[in-house]
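Comments concern the structure below.
What follows is calculated from the coordinates using simple rules that are stated; it is not laboratory data. Keep in mind the model is a prediction, meaning the values are calculated, not measured. As a convention, Cβ positions derive from the backbone with ideal geometry for all residues, glycine included, and neighbour counts pool all protein chains shown.
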Amino acid sequence: MTPLTAGSIARNVRARRHPGYREVVTAETPDDDVSTARAAATEVVLVTGASSGIGRASAIEFAKRGASLVLVSRSATALAGAAAECRQAGAAAVECVPADVLDADALQAAVARATGTFGRLDVVVHAATVMAYGRIEDLDPAVFQRVVDTAVQGTFHLFQAVVPVFRSQRRGSLVVVSSLLASITTPTMAAYVTAKWGQLGLIRTLQQELRELPDVHVSAVAPGGVATPIYSQAATILGNSAHPPPPVYTPERVARAVVDRVADPRRLKQSGFANPLIIAGFRLFPPVYDLLVGPLLKLFSMGRDPVPPTTGNVFAPVPEKEATQGPHRGI
């Protein structure tokens with residue numbers, strides 16, 4: 001591989017622009033930030049779901065390493081706040097790309113922004129997701145479809161945009177934020193469970209398809225309860241609030257597990273000390289698991305305060321609720 005220098009990166013920017021690519025230096029990225037990033041040839045990281053929760057925390061963790069970042073999320077307003085935090089944390093440069101993962105062309109453009117601006121793409125973190133609560137018989141089919149599509153089709157679109165770049169480079173790390181609910185089921189969360197089981201199927205398939213490329217790595221990190229805003233952003237028809245089940249991790253703790261996967265790839269890394277025990281109960285003792293899961297979910301993950309039916313952020317972002325940390329405490 002040709003060594004990366006300031007000159008070679010500049011030549012790549014001139015020669016390899018995407019056909020639909022416009023000006024790469026935006027209001028979000030000052031000229032001197034881009035120049036610094038090119039000269040230093042820093043780690044180039046694209047993060048989806050970067051405006052909130054684990055995605056935002058992961059972007060900040062990479063910023064602390066001096067990475068050059070491309071942040072992707074549906075909310076331009078929330079992305080601007082995330083970008084400011086990343087710069088403050090030490091990012092070499094930050095590009096913001098407002099996009100929905102269900103828009104395949106927009107994801108292609110986001111990847112083109114990364115390679116066009118910085119000359120390559122080293123790491124992709126996929127954290128975009130939405131969630132819904134409700135019994136199967138009561139769920140709005142449109143809500144169910146959107147939750148599943150965001151995880152399954154969104155992941156598929158991202159893989160189609162990223163894998164050709166990594167294959168061409170013959171190197172790269174892709175880390176997907178999965179969930180404990182990709183390995184178990186729980187009542188009133190059918191949409192999210194279906195979404196995450198389907199997403200993990202795509203992840204495992206891609207891991208198998210890329211075995212001939214030893215320097216291209218695909219990892220999944222599966223947290224349990226995390227103190228992010230996703231619970232207050234979720235669609236619900238249950239009539240009450242929801243919160244993360246214990247043990248609750250901070251988004252920063254999960255983000256560190258995400259960053260660690262670059263140096264230490266894993267097919268599926270559980271990020272929650274109780275996760276293996278819960279999975280074992282689900283697989284080995286299904287009658288006992290089924291007896292306990294509903295009452296325990298109601299006791300530890302459902303609030304008593306009334307909440308009217310809402311579609312949350314399933315169909316559109318709710319910028320005022322987007323942040324790294326939600327209202328709950330984590331360890």
Worksheet entry | Helix-only [θ]222 nm of the chain, DSSP H runs n ≥ 4, -39500 (n - 2.57) each, per residue, nearest 500 | -15000 deg cm²/dmol
Worksheet item: How high is the relative contact order of the range 6-307, given as a whole-number percent (alpha carbon pairs under 8 Å, six or more residues apart)?
Response: 17
Worksheet, complete the sentence: antiparallel share of DSSP beta bridges within the chain, to nearest 5, in %, is 10
Item to complete: List the pair-distance distribution P(r) of the range 216-331, using every Cα-Cα distance, as the percent of pairs falling in each 10 Å bin from 0 up to the bin containing the longest distance, rounded to whole percents.
Response: 13, 34, 36, 16, 1
Worksheet item: How far is helix 141-169 tilted, in degrees, relative to the longest principal axis of the Cα atoms in the chain, given as a value from 0 to 90 rounded to the nearest 10?
Response: 30
Response to the item:
Rounded to the nearest 10, the angle in degrees between the Cα long axis of helix 76-89 and the longest principal axis of the Cα atoms of the chain comes to 70
Discussion item. Can you give the longest run of the chain that contains no trypsin sites (Lys or Arg not before Pro) sitting in a DSSP loop with at most 13 other Cβ atoms inside 10 Å?
Written reply: 23-134
Discussion item. How large are Rg and Dmax for the range 226-267 when calculated on the C-alpha trace, in angstrom?
Written reply: 14.0, 44
Discussion item. At 0.36 nm per residue, and after removing the present C-alpha to C-alpha distance, how many nm does the segment from I136 to L102 gain when stretched out fully?
Written reply: 9.9 nm
Response to the item:
Within the under-13-Å Cβ sphere about I184, not counting I184, Lys/Arg +1 and Asp/Glu -1 give a net charge of +1
Worksheet item: Mean projection of the alpha-carbon convex hull of the range 48-135 over all orientations, in nm²?
Response: 5.9
Worksheet item: For the chain, what is the largest minus smallest coordinate of the Cα atoms on each principal axis, given in angstrom and ordered from greatest to least?
Response: 63, 41, 35
Practice prompt. Using a Gaussian network model of the chain whose springs link C-alpha atoms within less than 10 Å, name the residue from V44, V165, V123 with the highest mean-square fluctuation.
Written response: V165
Fill in: Using alpha-carbon coordinates, inclination of helix 286-301 to the longest axis of the chain, degrees
80
Worksheet item: Rg(Cα) of the range 140-271 divided by 2.2 N^0.38 Å?
Response: 1.11
Discussion item. Can you give the longest run of the chain that contains no GluC sites (Glu not before Pro) sitting in a DSSP loop with at most 10 other Cβ atoms inside 10 Å?
Written reply: 213-331
